[in-house]
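Okay, so here's the structure we're looking at.
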Amino acid sequence: MLIGVNVPNFGPGTSPAVLRDWARTVEGLGFDLLMVSDHVAVTPDVAEQYPAPFYEPFTTLSWLAGVTERITLGTTVLIAPYRHPLLVARMAANLSQLSGGRFVLGVGVGWARQEFEALGVPYARRGKLTEELIVAVRGAWQDEADYGPGRIPIWVGGHSDAALRRAVRHGDAWHSLRLTHTAWRTALARLEVIAEEEQKPLPALAPRILLRITDEPLADRRMGEGSVEQVVADLAELRAQGAQAVVLDPFAGDPEETRHPEQAWHALATVRKEFR
């Protein structure tokens with residue numbers, strides 16, 4: 001099972017130098033994946049959770065590809081409706097080539113209504129637009145002479161029935177985001193039912209979970225939250241369930257955290273030491 005890290009590419013403490021330090025730290029600790037988030041217009045609904053500066057993911061990952069050697073890079077998740085499919089196909093293919101094949105494209109439908117309005121994208125069609133993008137991108141990549149990216153995995157995010165069906169139909173992996181244990185098991189059972197209905201194999205499992213280590217065990221918690229022993233047990237459970245990859249998300253929600261990345265690095269080092 002691969003273990004990755006969702007690196008904050010936003011917030012008051014984030015800069016090119018800090019992003020470089022994040023990349024070198026995560027790679028140096030031996031993690032397998034480094035992923036970043038996506039927003040284009042930092043509208044008020046976005047800024048409340050992910051304030052500026054917000055570094056665009058393709059640009060950011062291209063920069064980080066040049067300061068790393070081994071770690072796979074990816075998006076968790078690219079908001080599919082915001083960009084033309086052929087633009088995404090081109091940027092993803094080029095990033096894969098420039099990084100030596102070290103790229104995973106995670107996609108999702110998005111949630112920020114004000115950002116959709118600012119970009120002139122119909123919020124109500126975001127699911128359909130996401131499906132169309134995945135199909136168009138795969139089609140473009142088949143033109144080896146023009147794009148030639150090789151095999152880029154596509155992870156499909158979301159927890160609704162529509163998202164799960166999208167993952168089964170079009171995804172290499174289902175990429176859930178920061179679920180509780182109960183919500184994870186419920187969604188996984190639903191995913192299995194949908195795969196059977198669609199007569200397709202179950203996509204790989206690649207959840208993104210919160211990483212928040214506490215001094216004492218927690219009773220009511222999300223996956224990845226609690227004592228070191230609880231977090232390690234969560235990872236072991238996911239591995240036993242056949243997860244292909246798990247992405248640890250050390251951002252707990254306060255943008256001021258981005259001013260002190262060393263706290264997240266310490267938590268990541270602890271998990272890396274205790275879980276092999």
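The values are calculated or read from the model by the stated rules, or taken from the named source; none is laboratory data. This structure is a prediction, so every number in the text was calculated from the model and none was measured. Cβ coordinates were reconstructed from backbone atoms using ideal geometry, including for glycine residues, and neighbour counts include every protein chain displayed. Accessible surface is based on the protein model in full, side chains and every heavy atom, while ligands, DNA and RNA are left aside. Shrake-Rupley method; radii C 1.70, N 1.55, O 1.52, S 1.80 Å.
Residue ranges 205-218, 230-243 sort as 205-218, 230-243 when ordered by packing (mean number of other C-beta atoms within 10 Å per residue, highest first).
Taking the DSSP beta bridges in the chain as the whole, what percent of them are antiparallel, to the nearest 5? So the antiparallel bridges amount to about 5 percent of the total.
Based on DSSP H segments of at least four residues, each scored -39500 (n - 2.57), the chain has a per-residue ellipticity at 222 nm of -13000 deg cm²/dmol. Note that segment 54-64 has calculated 3J(HN,Hα) couplings of 10, 8, 4, x, 5, 5, 5, 5, 5, 4, 6 Hz, one per residue in order, obtained from phi through the Karplus relation 6.51 cos²θ - 1.76 cosθ + 1.60 (θ = phi - 60°); glycine and proline are x. Overall, the accessible surface of segment 2-274 at a probe of 1.4 angstrom is composed of carbon and sulfur to the extent of 52 percent.
Placing +1 on the Cβ of every Lys and Arg and -1 on the Cβ of every Asp and Glu, with nothing else charged, gives segment 2-274 a dipole about its Cα centre of roughly 540 debye.
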